[in-house]
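**Student:** Mind looking over this structure? Questions follow.
The values are calculated or read from the model by the stated rules, or taken from the named source; none is laboratory data. Fair warning: this is a prediction, and the values are worked out from it, not measured in the lab. Virtual Cβ from ideal backbone geometry, glycine too; neighbours counted across all protein chains shown. Side chains included, ligands, DNA and RNA excluded: accessible areas come from the protein's heavy atoms. Shrake-Rupley method; radii C 1.70, N 1.55, O 1.52, S 1.80 Å.
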Amino acid sequence: MEQLYQYAWIIPLLPLVGAMIVGIGLISLNKATNSLRQIVGVFIISIIGAAMVLSFALFWSQLHGHEVYSRYFEWAAAGDFRLQMGYTIDHISSLMLVIVTTVALLVMIYTDGYMAHDPGYVRFYAYLSIFSASMLGLVISPNLVQIYIFWELVGMCSYLLIGFWYDRQAAADACQKAFVTNRVGDFGLLLGMLGLYWATGSFDFAIIGERLEELIASGALSAGLATLFAVLVFLGPVAKSAQFPLHVWLPDAMEGPTPISALIHAATMVAAGVFLIARIYPILEPVPLAMDIIAWTGAITAFLGASIALTQNDIKKGLAYSTMSQLGYMVMALGLGSYSAGLFHLMTHAYFKAMLFLCSGSVIHGMEAVVGHNAILAQDMRLMGGLRKYMPITAGTFLVGNLAICGIPPFAGFWSKDEILGQAFAANPVIWAIGWITAGMTAFYMFRMYFMTFEGEFRGNDQGIRQQLLTSAGVAFGPGAMDVKEGEAHGHDHEPHESPLTMALPLLVLAVPSIGLGWVGRPWANYFEEFIHAPGEIVAEIGAEPFDFHEFAIMAGLSVAIATAGIVVAYLMYRAKKINPADLAKKYPQLYNLSFNKWYFDEIYYKYFVVSIRRLARQIMEVDYRVVDGAVNLTGLATLLSGEGLKYLETGRAQFYALIVFGAVLGFVLVFSVV
């Protein structure tokens, strides 16, 4: 078993080598490589499958009590400075390896069906592979510097994947928005890292935590400065995990292919922010104010994401705001000190949200059979309805994911979300109230999505709705966009259809952990907390302490009650048609517009940041043009003129030089005689 740990570095190396081989093929033999579509797909899937097997072996070893294994080599040295690189396999890294590899494998299998007719099929697999390598490298990194390296690689892959269809203006804009927004957070992370190194002289998590606590206790480092460093580091997860106020990039990132939404925007990359908070927990724990800021940031994000998702009509963007909200729960839990609860929800959410996103991709795939490759029509739930009878597997797995995320027992999300709310109630009742209300909104908007998409009558062939959607989106409406006969000529059907096996199978596999995974963290026998707990925390053995079923029943009852209320309201509005949502929108236009327009964050940022920065850039350009370039040009002109003038004095005649000397002496004599 020890040999397995010695070769754990192979796990991130395997997908990296796969991406390198495919990438070299695309660069050097593009046409031939693109012709080997299925071979490339099988090759990349096999590689990530091998990485998954090794990850499960390490996880099994850690589960059975193997001690933490770390391996280092000296990467840089200068005087007393020593920087080591390597990898660490402990409980949290082994768990994250399993999550990343399993979701990546299923997404790659799904991709074969979803991207079957896309000309960028091979390039997409190369991007998926290099992303998997970056994420796997991140979770086994032993210090802040190595995490930062892989952190930026993950961000680069996100940029490439969001902008995969770079010929679409919306996708090009979305990847730039994600890149710029994440640079803000990453700059804060870099400053925080440097500040912590200045204070503690180390990049190692445990050493920084110990020294920081000693410095604060002795007064050598003020609590305010320690809080500043901690908050700066937290800015990295704020951007990567789409937390308020750097959340604006995540919904736009849905412009990338749907498998990307499932892999990096639901299960792995955005969870990297939560993982980093858990990794730097020894650094944050001695700084109570930083923990409070983290908790409130998570609570605000959870509420904000849910309130925006209430009115979204694009199925992928609705799920994006749902992801943002659930990440808020995780961050809130970690800020409140509920270490295992936050990571438990990370694990359960990774599986059921990946499944929900893949279900949305299946829906879009089915809708494209009717409306063609038009994202406006294929993703808008107002044009769906009744898909359950056409797509039973997709509908069934989407319902499972819905019940899980809404916190309905015994599905996985109930156990993880209820644990967060229970511990929030004990730590801060106000934050609990925010989380509890958010749980009700979550149930409402998720079942709103389900009823609008899968129940009722199919609206995909309604020409009036098509025209309305295209017109509101600013698309010129004409026969090519809606004519059924023309659609038939291009192979479109009147009805959607179920997705192929390569897309349906991952949905069925992901449904299993979405249903049963939560049982490992049930409160009266919490095996998850026994395995994953905060560094230095002593966890009692299962059964050592009596469990209060009465308290659990009250807290769980409140959670289920608010979720049930949300489901009932969604049913009355969108299935039974007892309440008209349009009437409510007219009655409360300010609230509706606030939610529908995403609290106007994009407009505010555009006005106060984008426009202001452009104005500043133009002013700097003027200074550069008139002052900097002017000074350089003036210097050149002066040199040119002086050179042109002086060349007439360089005649090579001794008599002429003697005349100049005589003239100069005569001039000095006259000047001094006058003075």
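**Student:** Filter the range 154-163 down to residues that are more than 13 Å from the chain's Cα centre (by Cα) and either touching a residue at least 40 places away in the same chain (Cβ under 8 Å) or more than 14 Å from Ala126 (Cα to Cα) (or both), then give me how many there are. Can you show your working first?
**Tutor:** Taking the range 154-163 first, the residues more than 13 Å from the chain's Cα centre (by Cα) are 160, 163.
If we keep only those that are either touching a residue at least 40 places away in the same chain (Cβ under 8 Å) or more than 14 Å from Ala126 (Cα to Cα) (or both) as well, we get 163.
Counting residues in the range 154-163 that are more than 13 Å from the chain's Cα centre (by Cα) and either touching a residue at least 40 places away in the same chain (Cβ under 8 Å) or more than 14 Å from Ala126 (Cα to Cα) (or both) gives 1.
**Student:** When you look at Tyr608, is it without any contact (Cβ under 8 Å) to a residue 60 or more places away in the chain and exposed (fewer than 10 other Cβ atoms within 10 Å of the Cβ), yes or no?
**Tutor:** Numbers: without any contact (Cβ under 8 Å) to a residue 60 or more places away in the chain: yes; exposed (fewer than 10 other Cβ atoms within 10 Å of the Cβ): no.
No: the conditions fail for Tyr608.
**Student:** For the list (1) more than 13 Å from the chain's Cα centre (by Cα); (2) open to solvent by 10 Å² or more (accessible area, probe 1.4 Å); (3) at pLDDT 90 or above, I need the number of the one condition that Glu285 fails.
**Tutor:** Exception for Glu285: condition (3).
**Student:** If I ask for residues that are over 21 Å from Leu128 (Cβ atoms) and among the aliphatic types (A, V, I, L, M), which ones from the range 28-70 would you list? Spell out how you get there, then give the answer.
**Tutor:** Step one: filter the range 28-70 for residues over 21 Å from Leu128 (Cβ atoms), giving 31, 57-70.
Matches in the range 28-70: Ala57, Leu58, Leu63, Val68.
Quick grid of which residues meet (1) exposed (fewer than 11 other Cβ atoms within 10 Å of the Cβ); (2) modelled with pLDDT of 90 or more:
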residue	(1), (2)
Pro546	yes, no
Phe552	no, no
Ser559	no, yes
Val569	no, yes
Tyr574	no, yes
Asn593	no, yes
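**Student:** Here is a further query. Tally the residues that are open to solvent by 80 Å² or more (accessible area, probe 1.4 Å) and not in a helix (DSSP H, G or I), restricting the search to the range 650-666.
**Tutor:** 2
**Student:** Sticking with this one: Out of the range 12-29, which residues are open to solvent by less than 30 Å² (accessible area, probe 1.4 Å) and under 22 Å from the mean Cα position of the chain (by Cα)?
**Tutor:** Pro12, Pro15, Ala19
**Student:** In addition: With the condition kept exactly as written, say whether any residue in the range 194-204 is without any contact (Cβ under 8 Å) to a residue 40 or more places away in the chain and under 19 Å from the mean Cα position of the chain (by Cα).
**Tutor:** no
**Student:** Suppose the filter is in contact with a Phe, Trp or Tyr (Cβ under 8 Å, 6 or more places away or on another chain) and surrounded by 14 or more Cβ atoms within 10 Å (Cβ to Cβ); does Tyr110 pass it?
**Tutor:** Working: in contact with a Phe, Trp or Tyr (Cβ under 8 Å, 6 or more places away or on another chain): no; surrounded by 14 or more Cβ atoms within 10 Å (Cβ to Cβ): yes.
Against the criterion (in contact with a Phe, Trp or Tyr (Cβ under 8 Å, 6 or more places away or on another chain) and surrounded by 14 or more Cβ atoms within 10 Å (Cβ to Cβ)), Tyr110 does not qualify.
**Student:** Among what's in the range 518-544 and is open to solvent by 60 Å² or more (accessible area, probe 1.4 Å) and among the acidic types (Asp, Glu), pick the residue that is modelled with the highest pLDDT. Break it down into steps so the answer makes sense when it comes.
**Tutor:** The initial filter retains those residues of the range 518-544 that are open to solvent by 60 Å² or more (accessible area, probe 1.4 Å), namely 519, 524, 527, 530, 533, 535-538, 541-544.
Imposing the further condition that a residue be among the acidic types (Asp, Glu) reduces the set to 530, 537, 541.
Values: Glu530: 87, Glu537: 72, Glu541: 64.
Filtering first and then ranking leaves Glu530.
**Student:** Filter the range 427-467 for residues that are at pLDDT below 90, closer than 18 Å to Pro581 by Cα and in a helix (DSSP H, G or I) and give the result.
**Tutor:** Ile465
**Student:** Residue by residue through the range 127-138, note down the ones that are of a type in the set (A, V, I, L, M) and surrounded by fewer than 24 Cβ atoms within 10 Å (Cβ to Cβ). Walk me through how you get there before you give the answer.
**Tutor:** Residues of the range 127-138 that are of a type in the set (A, V, I, L, M), as a first pass: 128, 130, 133, 135-136, 138.
Ile130 - this is the single residue of the range 127-138 that is of a type in the set (A, V, I, L, M) and surrounded by fewer than 24 Cβ atoms within 10 Å (Cβ to Cβ).
**Student:** If you take the residues of the range 613-649 that are of a type in the set (Val, Ile, Thr) and closer than 26 Å to Val184 by Cα, which of them is least open to solvent (accessible area, probe 1.4 Å)? Working first, answer last.
**Tutor:** Taking the range 613-649 and keeping what is of a type in the set (Val, Ile, Thr), we get 613, 620, 623, 627-628, 632, 635, 639.
Filter once more, keeping what is closer than 26 Å to Val184 by Cα: 613, 620, 623.
On the way: Ile613: 107, Ile620: 98, Val623: 78 Å².
Taking the candidates together, the pick is Val623.
**Student:** Okay, next question. Restricting to helices (runs of 4 or more DSSP H) lying wholly in the range 315-384: which have 1 or more residues that are of a type in the set (S, T, N, Q)?
**Tutor:** 315-335, 339-371
**Student:** What number goes with the only condition from (1) within 19 Å of Met291 (Cα to Cα); (2) at pLDDT 90 or above; (3) surrounded by 14 or more Cβ atoms within 10 Å (Cβ to Cβ) that Ala178 does not pass?
**Tutor:** For Ala178, the exception is condition (1).
**Student:** Name every residue in the range 211-248 that is crowded, with 24+ Cβ neighbours inside 10 Å and under 30 Å from His373 (Cβ atoms), in order of residue number.
**Tutor:** Matches in the range 211-248: Ala242, His247.
**Student:** Is the range 85-94 home to any residue that is farther than 23 Å from Leu63 by Cα and part of a strand (DSSP E or B)? Reasoning before the result, please.
**Tutor:** Step one: list which residues in the range 85-94 are farther than 23 Å from Leu63 by Cα, which gives 85.
Okay, now just the ones that are also part of a strand (DSSP E or B), so 85.
Yes: one or more hits.
**Student:** With the structure loaded, tell me whether Thr88 is open to solvent by less than 10 Å² (accessible area, probe 1.4 Å) and of a type in the set (S, T, N, Q) or whether it fails that test. Reasoning before the result, please.
**Tutor:** Working: open to solvent by less than 10 Å² (accessible area, probe 1.4 Å): no; of a type in the set (S, T, N, Q): yes.
Taking the combined requirement at face value, the residue does not satisfy it.
**Student:** For the structure I just gave you, tell me whether Ile393 is modelled with pLDDT under 90, open to solvent by 10 Å² or more (accessible area, probe 1.4 Å) and in a helix (DSSP H, G or I). I'd like the intermediate steps shown before the answer.
**Tutor:** Working: modelled with pLDDT under 90: no; open to solvent by 10 Å² or more (accessible area, probe 1.4 Å): yes; in a helix (DSSP H, G or I): yes.
Criteria not met by Ile393.
**Student:** Now a separate question. Whether any residue in the range 259-278 is at pLDDT 90 or above, among the hydroxyl-bearing types (Ser, Thr, Tyr) and either out of contact with any helix residue (DSSP H, G or I) (no Cβ under 6 Å at 6 or more places or on another chain) or crowded, with 24+ Cβ neighbours inside 10 Å (or both) is what I want to check.
**Tutor:** No, the conditions are met nowhere in the range 259-278.
**Student:** Taking the stated definitions as given, is Ser141 open to solvent by less than 10 Å² (accessible area, probe 1.4 Å), within 18 Å of the chain's Cα centre (by Cα) and of a type outside the set (A, V, I, L, M)? If you could, list the steps in order and put the result at the bottom.
**Tutor:** Working: open to solvent by less than 10 Å² (accessible area, probe 1.4 Å): yes; within 18 Å of the chain's Cα centre (by Cα): no; of a type outside the set (A, V, I, L, M): yes.
Here the answer is no, as Ser141 does not meet what is asked.
**Student:** Still on this structure, I have one more. Take the range 292-314 and flag every residue that is part of a loop (DSSP other than H, G, I, E, B) and either buried (at least 22 other Cβ atoms within 10 Å of the Cβ) or of a type outside the set (Val, Ile, Thr) (or both). Show your work before the answer.
**Tutor:** Start the filter on the range 292-314 by keeping residues that are part of a loop (DSSP other than H, G, I, E, B), which leaves 310-313.
Leu310, Gln312, Asn313 - these are the residues of the range 292-314 that are part of a loop (DSSP other than H, G, I, E, B) and either buried (at least 22 other Cβ atoms within 10 Å of the Cβ) or of a type outside the set (Val, Ile, Thr) (or both).
**Student:** Further, regarding this structure: Criterion first (assigned to a helix (DSSP H, G or I) and farther than 30 Å from Ile532 by Cα) does Gly137 satisfy it?
**Tutor:** Details: assigned to a helix (DSSP H, G or I): yes; farther than 30 Å from Ile532 by Cα: no.
It is false that Gly137 is assigned to a helix (DSSP H, G or I) and farther than 30 Å from Ile532 by Cα.
**Student:** If I ask for residues that are within 23 Å of Arg575 (Cβ to Cβ), open to solvent by less than 40 Å² (accessible area, probe 1.4 Å) and not hydrophobic (A, V, I, L, M, F, W, C), which ones from the range 355-390 would you list?
**Tutor:** Ser360, Ser362, Gly366, Gln379, Asp380, Gly385, Gly386
**Student:** Can you name the number of the only condition in (1) within 24 Å of Pro513 (Cα to Cα); (2) in contact with a Lys or Arg (Cβ under 7 Å, 6 or more places away or on another chain); (3) open to solvent by 10 Å² or more (accessible area, probe 1.4 Å) that Tyr351 fails?
**Tutor:** Of everything listed in (1) within 24 Å of Pro513 (Cα to Cα); (2) in contact with a Lys or Arg (Cβ under 7 Å, 6 or more places away or on another chain); (3) open to solvent by 10 Å² or more (accessible area, probe 1.4 Å), Tyr351 misses just condition (2).
**Student:** List pairs: first in the range 96-111 and under 13 Å from Gly361 (Cα atoms) and part of a helix (DSSP H, G or I), second open to solvent by 10 Å² or more (accessible area, probe 1.4 Å) and not aliphatic (A, V, I, L, M), Cβ under 7 Å, 6+ apart or cross-chain?
**Tutor:** Partner pairs satisfying both residue conditions: Tyr110/Thr502.
**Student:** Out of Tyr166, Tyr148, Tyr197, report the one residue that is surrounded by fewer than 20 Cβ atoms within 10 Å (Cβ to Cβ), among the hydroxyl-bearing types (Ser, Thr, Tyr) and not in a helix (DSSP H, G or I).
**Tutor:** Working: Tyr148 fails: not in a helix (DSSP H, G or I); Tyr197 fails: not in a helix (DSSP H, G or I).
Among Tyr166, Tyr148, Tyr197, only Tyr166 is surrounded by fewer than 20 Cβ atoms within 10 Å (Cβ to Cβ), among the hydroxyl-bearing types (Ser, Thr, Tyr) and not in a helix (DSSP H, G or I).
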